[in-house]
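Some notes on the structure that comes next.
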Amino acid sequence: MNNLIKGEKHDWEMVIGLEIHAQVKSNSKLFSSSSTKFGSSPNSQVSLVDAAMPGMLPVINKYCVEQAVKTGVGLNAKINNYSVFDRKNYFYADLPQGYQISQYKFPIVGEGKVTIDFKDGTSKDIRIVRLHLEQDAGKSLHDQNPSKTYVDLNRSGVALMEIVSEPDIRTPDEAGMYISKIRSILMYLNTCDGNMQEGSLRADVNISVRKPGDEYGTRCEIKNLNSIKFIKQAINYEAKRQIEILETGGSIEQNTMLFNTSTGKTRPMRNKEEAHDYRYFPDPDLLPLEISKEEIAKIKSSIPELPDELKNKFIETYKLSNYDASVLTAEKQTSDYFNETINSDPELKNHAKIVVNWITSELFSLLNKNNQDLNNSPVSPENLGQLIKLISTNEISGKIAKDVLEEMFSSGKTARQIVDEKGLQQVTDQVEIAKVIDEVIAENPKMVEQYLAGKDKLLGFFVGQAMKLTKGKANPKMLNDILKQKLNKKN
Amino acid sequence: MKIDKNTINKIARLSRIKLDDKESEDYIKDLNSILDWVEQLNEVNTENVEPLSNISSSILPKREDVSNDTNSSEEILENAPDKLEGFFAVPKVVE
């Protein structure tokens, strides 16, 4: 695979690292009992702690700590028995405390790794530097009034897990696959809802370019991207911008950038004053966070099967390809659906590949077309299983099965009902098929002549005619076999 | 370590505190005497000693993940100099 960008004098390589902010799926905030519900009226979920009223003290949410540990285990990372909360100091209108409580020198989770799988069957490890717990800030609305900024503190104090990767990523696609994989792990663990639109999962991207083999170049950080599409766009634009500067003899200035989603361009943040002088120090309001080995072991034992384990299980049990298995396990709802379908009938275990295809191509395209989600699919796993069984036992043809699925989708009926009502059973009676073929041959003497003279392509014509007479119900393999036999006998 | 005019200006700016020349001079003096005093700690050998984050030996108290379902809007906005439709309204921050 070529990961390089063509330059004027030499090729360029991108070096990319991601900082992902994942909102912990909890009822209340990290240090206060305010609700975390999304979309409530402004400032309705703000406690005196979140508003930084004088004298208020933070008390940590036990559940959020457990979710961070759980996520750390899911990222194959080292869990630290001892971690410390620090204050990261800066002034902004949506940060009432004047500092964010975060973790600096001693994060709750240390080094780990995740694996991404490519379509060609290869895979790559992306190393994780750390995961730490921190507070989210409030939300500022700049575009409502020409002279004012409006501030909503509902999000202020909500627990975030910041997951920092090593600069192991080399292409925009890899960046997309990496964040999809993290999202998938979070959703299997149920520690974050993964909703990028609502901002539950967002990323800062660090990117630099270099001549392959050289030292890392100077990097820029693009802040706060909330979709995989924007992440890829921003990386592409920023890499091009940096290469242009370098190729015209300039040098890159380390900068924090913003991405404009409507123009697709990045630009430096205007406010560079005192850039990054956060003056971290341990928060005197909070004792160090200590987690015992027993607590960690208890959390570990509660962890469900993760996408990679499940993927390997699918490959082993059902002899699926690495890629098929990774598509099935990318989202928990898909692997759940597959499991339920394949377990709905013992016969189906021998037709795993067919089950995969019917879910990931036929059913998915119907869901897409109707703007629906697998979670509320009108076709239940049991019903899809029944349909696939009808195919595997030759009761209906694959082609007719597609129509049946569409009708199952719109009417909610079962495959059996539809097949019986419409008499769609495949014709597998040799005599009956032979009769139809005789008819077709008798009606088209010229075509038969041409076929026998060597025009092999006409076989398709005969198949088509016979199918038409049987309303598509003839078993295609039997039809083909008998047709060839009969035609060749004429020779 | 010595605090000079530049350092005091930087600290003042980071803290959003405006100092006149007289005040800067006073703070330089005060902060330097505090630093001199703290600097005595340098006499202690701290090699191989982890930084101390807290002097208390008690354990971090934790709470259960229960949310209170009260609407805080009115109370929280009560002292706001300017507000609109439930939002704090502040001078425009453009970024």
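Of note:
- What the phi angles of region A:193-206 give under the Karplus curve with 6.51, -1.76 and 1.60, with θ = phi - 60°, is a coupling list of 7, x, 7, 6, 5, 8, x, 5, 9, 8, 9, 9, 10, 9 Hz, glycine and proline written as x.
- What the Cβ-Cβ distance of A:Leu469 and A:Asn357 gives, at R0 = 51 Å and to the nearest 0.05, is a FRET efficiency of 0.95.
- Charge-dipole axis of chain B as Lys and Arg at +1 and Asp and Glu at -1 on Cβ define it, positive-most pick from B:Gly86, B:Ser58, B:Asn6: B:Asn6
- Alpha-carbon centroid distance for the pair region B:1-35 / region A:56-96, whole angstrom: 33
- Partner chain coverage, peptide A:56-64 - average Cβ within 10 angstrom: 3
- Helix-only mean residue ellipticity at 222 nm for chain A, each DSSP H run of n ≥ 4 adding -39500 (n - 2.57), per residue, nearest 500: -11500 deg cm²/dmol
- Estimated from helical segments only, the mean residue ellipticity of chain B at 222 nm is -11000 deg cm²/dmol, where each DSSP H run of four or more residues counts as -39500 (n - 2.57).
- Computed over the alpha carbons of region A:13-300, Rg followed by Dmax gives 19.3, 59 Å.
- When every Cα-Cα distance of region A:307-422 is counted in 5 angstrom steps from zero, the calculated P(r) takes the values 2, 12, 25, 24, 20, 11, 5, 1, 0 percent.
- Leading residue at positive end of dipole, chain A (Cβ point charges), from A:Pro378, A:Leu289, A:Leu133: A:Pro378
- In the structure shown, the pairs A:Lys422/A:Lys473; A:Lys446/A:Lys489; A:Lys435/A:Lys489; A:Lys113/A:Lys353; A:Lys113/A:Lys293 are assessed against 23 Å; a Cα-Cα span above that value is assigned to A:Lys113/A:Lys353.
- Antiparallel bridge percentage (DSSP; both residues within the protein assembly as shown; nearest 5): 90
- Above-threshold pairs, the threshold being 24 Å between Cα atoms, out of A:Lys105/B:Lys62; A:Lys223/B:Lys10; A:Lys229/A:Lys313: A:Lys223/B:Lys10; A:Lys229/A:Lys313
- Fraction of C-alpha pairs exceeding 16 angstrom in chain B: 78 percent, rounded to a whole number.
- Once the chain from A:Ala434 to A:Ser180 is taken as fully extended at 0.36 nm per residue, the excess over their C-alpha distance is 86.1 nm.
- Region A:115-181 and region A:242-316 have Cα centres spaced 6 Å apart.
- Average silhouette area of region A:1-148, convex hull of alpha-carbon atoms, in square nanometres: 14.4
- In region A:278-338, Cα pairs under 8 Å separated by at least six residues give a relative contact order of 23 percent.
- The ellipsoid that matches the Cα gyration tensor of region A:430-490 has semi-axes, each √(5λ) in whole angstrom, of 18, 11, 11, with the longest given first.
- Over chain A, Cα pairs under 8 Å with separation of 6+ residues give a relative contact order of 14 percent.
- Near the amide H of B:Arg63, within less than 5 Å, lie the amide hydrogens of A:Ile60, A:Asn61, A:Lys62, all on another chain or at least 5 residues away, with H placed in the peptide plane.
- Dipole in debye (nearest 20) - the protein assembly as shown, about Cα centre, beta carbon charges: Lys, Arg +1; Asp, Glu -1: 2360
- Lys/Arg +1, Asp/Glu -1 at C-beta; the protein assembly as shown dipole; positive extreme among A:Ile79, A:Ala51, A:Asn224: A:Asn224
- Its Kirkwood hydrodynamic radius, worked out from the mean inverse distance over all distinct Cα pairs, puts chain A at 26.9 Å.
None of the figures in this text is laboratory data; all of them are computed from the coordinates on show. Quick caveat: nothing in here was measured; it's all calculated off a predicted structure. Backbone-built Cβ (ideal geometry, glycine too); neighbour counts: all protein chains shown.
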